[in-house]
Structure formats: C-alpha cells, structure tokens
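*Asks:* This structure is in structure tokens; I'll ask about it shortly.
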Amino acid sequence: MAAELRPPRAELEARAGIDAWIDTYHSVRGLARDGRFVFLTDNAVGAREEDNLRHLVLNLGTDVPRSQIVPFLTAKHPLDYCTGYPERARQHGFEALVVLGGDRHDAVPRAVEHAWELRRAIRDGGSRLSLGGWANPHHDAEAQAGYMADACFTAEFYLTQIVSHFDVRTVERFLDALARRGVDLPGVFGVFYYRSANQRTLAKLSDFIPVPRDGLAAEFGAGATPDQVAARTIRALAALGIRRFYVSNLPLGRAADTLKVILAHAELSG
C-alpha cells in the first residue's frame, strides 16, 4: 500500500507554505512509520507545486527512510533540470523515481514529447535509480500493453491512472492485454479518495481523471462513507489479483490514520 501526496502549491504565501509542508512532513512520517510507501507528485492537475525533492530533503531530516519515498518527475521542466534531477535524488538517498510526461492542462511545455524519452535519457546518463512509468487502463488496452512491452518503455515498475470498482471490466481488459504481451512489470494501481459526491467537485476532477459520477452519487446517497467507497475499489481490484495500490487525495493531516481505516473496511492489513 502506498499514498500519493501533493507538495504545497508554489503560489502559497510563506506562512501558508510552511504550514502545508509541516502537514506534509507529518503525513509522510506517519505513513513511513506504518511501512507504507509515499509517492510525491510534481506539478499535478495543472498547478505548479514546490520543488518536491528540495523540500523533502529540507523538511524530512533523517528520521524517514528514503527507500519508502518515491518522488515524481514530470517532463514539464527544462531538460537540464530533468536530467539532473535523478542525480540529486540519488545523492540524498532516494532509490526510485516515477517519470511522467505530465498533464497538458496548462501552458507549461514538456522538455520531451513522451515520458519514455526522458526515462531513456536518464538511463543513458548512467542513473541506477529504479524508474517507474505510467499506464492508463482507460485508454485502448492493446495500445497501452504495446507501449509497455516496447524496450523503449524503460521502467522497472509502473503506476496506473485512477481506477475504481465501477471500472472492473476496463481493468480486466487491461490486465488481459498485458498478459498477452508478456508484460510482467510490477504495477501499482491508483485509487482516489472521494470525499463526497458533490457534483461541482466531481465535474472539476473529471478534467483530470475519469470520475464515475453516477456511481459515486448512488453510493454516497445510500449512506456510504469516503472510507467505505475507497475500500470497495481496493476489494474489487484485489479480486482481480492486483496486490499493489496507491491512494490519492487522502486528507493531508490524517493520511496515515485514514489509510488504516480504509484497509480495515477493505479487510486488508497490508
């Protein structure tokens, strides 16, 4: 089990930024104490974020194992920043890095067109970090499997776009396509922590991730809690044989405790 957290937005005023990093520190520390992995995003959902690596190093100190923290790097930076980032990460003891293209919801250009190009450049530069890629089960399953089967994919593991228990058939098609192509990379499947069925919020989210708005409205309307809804997704994916998950959008100040509650509802302890 892992959690995906977002660094504070870059435009926050100094005091608010400090408070946000304190909350992030406590969340990362609590999750790591429970043996969870933590993914930290880079300029997610069209918003510029603070430099995740710099703040991790400044704020975490030495009491959180770097092996349990995996930063994201998107191609939405100058190329020299992107190619220098892995060495910065290695020097500070990080062992893995997820390399993504980055969303296209803003005007920030990518240093390269595709994430695999950046991963290949990082590997060609001699980096020995474990590199993570990206897959989207909501896209054409055969095409996604083909990308991942190609030697250019250049990754030791992958994360997926957010999926839910309303997407079981979509995920099944994706898994079947991977099996036919012989892709056996470890995959970490994304689960979103929906806090309500507020239609305005869900509509905004749907600009960035597939949102099962009708299903969520029905479940919340029937009295389900956010923890129960997330647990239903984990149970449904586990029934397909999936064993690795990351949960996104956990409450920052209560990330570790919330994840424990979700796992209790899912009847999973690990």
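Each row is one residue, and each column tells you yes or no for (1) closer than 23 Å to R213 by Cα; (2) basic (K, R); (3) assigned to a strand (DSSP E or B).
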position	(1), (2), (3)
M148	no, no, no
T160	yes, no, yes
F166	yes, no, no
R169	yes, yes, no
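*Asks:* If you don't mind, there's one more thing I want to ask. State whether one or more residues within the range 193-203 are hydrophobic (A, V, I, L, M, F, W, C), closer than 25 Å to T24 by Cα and not in a helix (DSSP H, G or I). Don't jump to the end; show me each part of the working.
*Replies:* Residues of the range 193-203 that are hydrophobic (A, V, I, L, M, F, W, C), as a first pass: 197, 202-203.
Right, trim to closer than 25 Å to T24 by Cα and you get 202.
Among the residues that remain, those that are also not in a helix (DSSP H, G or I) are: none.
Among the residues of the range 193-203, not one is hydrophobic (A, V, I, L, M, F, W, C), closer than 25 Å to T24 by Cα and not in a helix (DSSP H, G or I), which makes the answer no.
*Asks:* Name the residue, out of H55, H138, that is in contact (Cβ under 8 Å) with a residue 60 or more places away in the chain, surrounded by 14 or more Cβ atoms within 10 Å (Cβ to Cβ) and touching a Pro at 6+ places or on another chain (Cβ under 7 Å). Don't jump to the end; show me each part of the working.
*Replies:* Working: H55 fails: in contact (Cβ under 8 Å) with a residue 60 or more places away in the chain.
Result of the check over H55, H138: H138.
*Asks:* Shifting gears a bit: Give the range 174-199 a look and list any residue that's more than 23 Å from V247 (Cβ to Cβ) and not small (G, A, S), or say none.
*Replies:* Step one: filter the range 174-199 for residues more than 23 Å from V247 (Cβ to Cβ), giving 176-177, 179-184.
Of everything in the range 174-199, those that are more than 23 Å from V247 (Cβ to Cβ) and not small (G, A, S) turn out to be D176, R180, R181, V183, D184.
*Asks:* Could you tell me whether the range 38-51 includes any residue that is in a helix (DSSP H, G or I) and closer than 24 Å to Y147 by Cα?
*Replies:* Quick first cut of the range 38-51, residues in a helix (DSSP H, G or I) only: 44-46.
When the remaining residues are screened for being closer than 24 Å to Y147 by Cα, the result is 44-45.
Checked the range 38-51: at least one residue is in a helix (DSSP H, G or I) and closer than 24 Å to Y147 by Cα.
*Asks:* Turning to a different aspect of this structure: Cβ contacts < 6 Å: first residue farther than 13 Å from L263 by Cβ, restricted to the range 234-246; second residue modelled with pLDDT of 95 or more and part of a helix (DSSP H, G or I), any location; separation 6+ or different chain. Result?
*Replies:* If the second residue must be modelled with pLDDT of 95 or more and part of a helix (DSSP H, G or I), the pairs left are A236/H165; A236/V168.
*Asks:* Is it the case that the range 229-239 has a residue that's of a type outside the set (V, I, T), in contact with a helix residue (DSSP H, G or I) (Cβ under 6 Å, 6 or more places away or on another chain) and more than 11 Å from S164 (Cα to Cα)? Steps first, please.
*Replies:* Restricting attention to the range 229-239, the residues satisfying the condition of being of a type outside the set (V, I, T) are 230-232, 235-239.
Of the ones still in play, those that are also in contact with a helix residue (DSSP H, G or I) (Cβ under 6 Å, 6 or more places away or on another chain) are 230-232, 235-236.
Narrowing the set further to residues that are more than 11 Å from S164 (Cα to Cα) leaves none.
Checked against the condition, which is being of a type outside the set (V, I, T), in contact with a helix residue (DSSP H, G or I) (Cβ under 6 Å, 6 or more places away or on another chain) and more than 11 Å from S164 (Cα to Cα), the range 229-239 yields no hits at all.
*Asks:* While we're here: So for the range 176-187 (the condition being in a loop (DSSP other than H, G, I, E, B) and closer than 25 Å to Y81 by Cβ), does at least one residue qualify?
*Replies:* Within the range 176-187, not a single residue is in a loop (DSSP other than H, G, I, E, B) and closer than 25 Å to Y81 by Cβ.
*Asks:* Would you point out which residue out of A231, A222, A238 is closer than 24 Å to A2 by Cβ and surrounded by fewer than 18 Cβ atoms within 10 Å (Cβ to Cβ)?
*Replies:* Numbers: A231 fails: surrounded by fewer than 18 Cβ atoms within 10 Å (Cβ to Cβ); A222 fails: closer than 24 Å to A2 by Cβ.
A238 is the lone residue from the list that is closer than 24 Å to A2 by Cβ and surrounded by fewer than 18 Cβ atoms within 10 Å (Cβ to Cβ).
*Asks:* Give all pairs with beta carbons closer than 9 Å in which a residue from the range 103-124 that is closer than 23 Å to I209 by Cα and assigned to a helix (DSSP H, G or I) meets a residue that is of a type in the set (F, W, Y) and modelled with pLDDT of 95 or more; count only pairs at least 6 apart in sequence or on separate chains.
*Replies:* Cβ pairs passing all conditions: A115/W134; W116/Y147; W116/F153.
*Asks:* Which residue is nearest to T160 (Cα to Cα), if the candidates are limited to the range 103-138 and must be out of contact with any helix residue (DSSP H, G or I) (no Cβ under 8 Å at 6 or more places or on another chain) and small (G, A, S)?
*Replies:* Among residues in the range 103-138 that are out of contact with any helix residue (DSSP H, G or I) (no Cβ under 8 Å at 6 or more places or on another chain) and small (G, A, S), the one nearest to T160 (Cα to Cα) is G132.
Results for (1) assigned to a loop (DSSP other than H, G, I, E, B); (2) at pLDDT 95 or above, shown as yes or no for each residue.
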position	(1), (2)
A218	no, yes
Q228	no, yes
L237	no, yes
Y246	no, yes
G253	no, no
L259	no, yes
G270	yes, no
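*Asks:* Can you go through S164, S206 and tell me which one is out of contact with any Gly (no Cβ under 9 Å at 6 or more places or on another chain), on the phi < 0 side of the Ramachandran plot and polar (S, T, N, Q)?
*Replies:* Numbers: S164 fails: out of contact with any Gly (no Cβ under 9 Å at 6 or more places or on another chain).
Result of the check over S164, S206: S206.
*Asks:* Now for a different question. Of the conditions (1) outside any helix (DSSP H, G or I); (2) surrounded by 20 or more Cβ atoms within 10 Å (Cβ to Cβ), L263 fails just one. Which one is it?
*Replies:* Every listed condition holds for L263 apart from (1).
*Asks:* Can you tell me which residue within the range 204-216, out of those that are surrounded by 14 or more Cβ atoms within 10 Å (Cβ to Cβ) and part of a loop (DSSP other than H, G, I, E, B), is modelled with the lowest pLDDT?
*Replies:* Keep residues of the range 204-216 that are surrounded by 14 or more Cβ atoms within 10 Å (Cβ to Cβ), which gives 205, 208-213, 215-216.
Adding the requirement that they be part of a loop (DSSP other than H, G, I, E, B) leaves 208-212.
Details: F208: 89, I209: 93, P210: 94, V211: 97, P212: 97.
The qualifying residue modelled with the lowest pLDDT is F208.
The values are calculated or read from the model by the stated rules, or taken from the named source; none is laboratory data. This structure is a prediction, so every number in the text was calculated from the model and none was measured. Quick reminder, even Gly has a Cβ in these numbers, built from the backbone with ideal geometry, and neighbours come from all protein chains shown.
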